[in-house]
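Encoded as structure tokens, the structure appears first; notes follow it.
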């Protein structure tokens, strides 16, 4: 996957809609990561607890995602080098090894959400026990094995069908929920407090996902276009359209989940603590027996589609950072085994009540990993020695650094608040406390280092 091969030839496509159609696809594959079960968990909890208050967070996160994913696509198209390869090329071995470990942690956190979401969907549709459902998800490698033989264009079509299924199901739920649209518009007024911060950062982590940046920078390289500056500029233009279209569709899906949560649960004073609880209450509250089944079908489609792209992202990360090539099945088995362990442990210890908090926590982990993908990406796309004439313009650079600063600031706020609370309540031995403090210090120093260290190597003549 590191070198996907330019298997989709767009050179013969006629100008206009046909040519645009040839470039559409990578954005759709990336967009499913923005509507996976982790998004469902954060959107459902955010809506049921805070009403429309966090709707603006979804919009802001989506705008940030469009900007950052377009930069990832720019890096892939203009340098013929994905983000993981660029990190290996331009940072020293200790630094890119640390970045690889953090990227793998983000992928495992994302996979954990897919495990739990798919297990819940299987339980809702077929009454399979949750613990058994978690274990069954380990066999989805057979799906990966089947789809890899169809080629990139057919894979994109399959994912697009799943995305349309999710969107169609949620459109029906919106019609049944009959939300107050004037109140929906009020949700776009920015406001945030200490109580909603944790869920807001979970929404951010579920929306702007670090592994998607690695994946997108590789997927755009599947298009074979002509040589020269004009051909590259055309590819960048069509890739931007693909990104904006797909991610705005993902935003509508996430907004629909939150709106349904407010209209159904917040309106009745019900705080959602479990995906199964949400499904069980939909039918009686909406007055339609089909509501629960529609919810389960959409959730299963979300889990399985994000499973496919998560595997592709894992290949990109491992091959790009370490130059180790694993088959999709082996890669999936490795990641899924690391994700199943905490899922099984939580279900065994806390039962169903522990699932939603674990889903939210996985998305917060994603948010905490974001700066370690965003900052290298911004630096690479802002360096003329790497992208040459396709280097980001001044306004794009300013906006990108503003987004990075906001994400780092929110994460620092959350970490500081958590440390204060944990310090007041924790009875752990002093050695554990010192270890955690040392770990946080190391992560902070790594973030500072990748922000200021001089990049080595060149990829542009």
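The values are calculated or read from the model by the stated rules, or taken from the named source; none is laboratory data. Note that this is a predicted model, so its numbers are computed, not measured. Backbone-built Cβ (ideal geometry, glycine too); neighbour counts: all protein chains shown.
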**Q.** Complete set of residues in the stretch 321-352 that are closer than 20 Å to residue 76 by Cα and either within 19 Å of the chain's Cα centre (by Cα) or modelled with pLDDT under 80 (or both)
**A.** 324, 325
**Q.** Hey, residue 178 surrounded by 14 or more Cβ atoms within 10 Å (Cβ to Cβ), more than 25 Å from residue 365 (Cα to Cα) and in contact (Cβ under 8 Å) with a residue 60 or more places away in the chain or not
**A.** no
Q: Among the residues of the stretch 137-163, write down those that are modelled with pLDDT under 80 and over 19 Å from residue 222 (Cα atoms).
A: 137, 138, 139, 140, 141, 142, 143, 145, 146
Q) Residue check: is residue 459 modelled with pLDDT under 85 and under 30 Å from residue 78 (Cα atoms)? A) yes
Q. Can you pull out the residues in the stretch 106-135 that are out of contact with any helix residue (DSSP H, G or I) (no Cβ under 6 Å at 6 or more places or on another chain) and modelled with pLDDT of 80 or more?
A. 126, 127, 129, 132
**Q.** Selection from the stretch 152-175 of residues that are surrounded by fewer than 20 Cβ atoms within 10 Å (Cβ to Cβ) and over 23 Å from the mean Cα position of the chain (by Cα)
**A.** 172, 174, 175
Q) How many of the residues in the stretch 389-398 are in contact (Cβ under 8 Å) with a residue 40 or more places away in the chain and buried (at least 16 other Cβ atoms within 10 Å of the Cβ)? A) 3
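Checking the condition touching a strand residue (DSSP E or B) at 6+ places or on another chain (Cβ under 9 Å) and either at positive phi or assigned to a helix (DSSP H, G or I) (or both), which residue from 115, 77 passes? Outline the logic, then answer.
Values: 115 fails: touching a strand residue (DSSP E or B) at 6+ places or on another chain (Cβ under 9 Å).
Step by step, each of 115, 77 is checked, and only 77 is touching a strand residue (DSSP E or B) at 6+ places or on another chain (Cβ under 9 Å) and either at positive phi or assigned to a helix (DSSP H, G or I) (or both).
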Q: Could you check, for the stretch 220-230, whether at least one of its residues is under 19 Å from the mean Cα position of the chain (by Cα) and in a helix (DSSP H, G or I)?
A: yes
Q: Check the stretch 53-72 and report whether any residue there is farther than 30 Å from residue 323 by Cα, part of a helix (DSSP H, G or I), more than 19 Å from the chain's Cα centre (by Cα) and touching a residue at least 12 places away in the same chain (Cβ under 8 Å).
A: yes
(Q) Suppose the filter is part of a loop (DSSP other than H, G, I, E, B) and in contact (Cβ under 8 Å) with a residue 12 or more places away in the chain; does residue 201 pass it? (A) no
(Q) List pairs: first residue in the stretch 34-51 and at positive phi and assigned to a helix (DSSP H, G or I), second residue surrounded by fewer than 24 Cβ atoms within 10 Å (Cβ to Cβ) and at pLDDT 85 or above anywhere in the structure, Cβ distance under 8 angstrom, at least six positions apart or on different chains. (A) 51/183; 51/187; 51/266
(Q) Can you find, within the stretch 247-276, the residue that is surrounded by the fewest Cβ atoms within 10 Å (Cβ to Cβ) among those that are touching a residue at least 60 places away in the same chain (Cβ under 8 Å) and assigned to a loop (DSSP other than H, G, I, E, B)? (A) 271
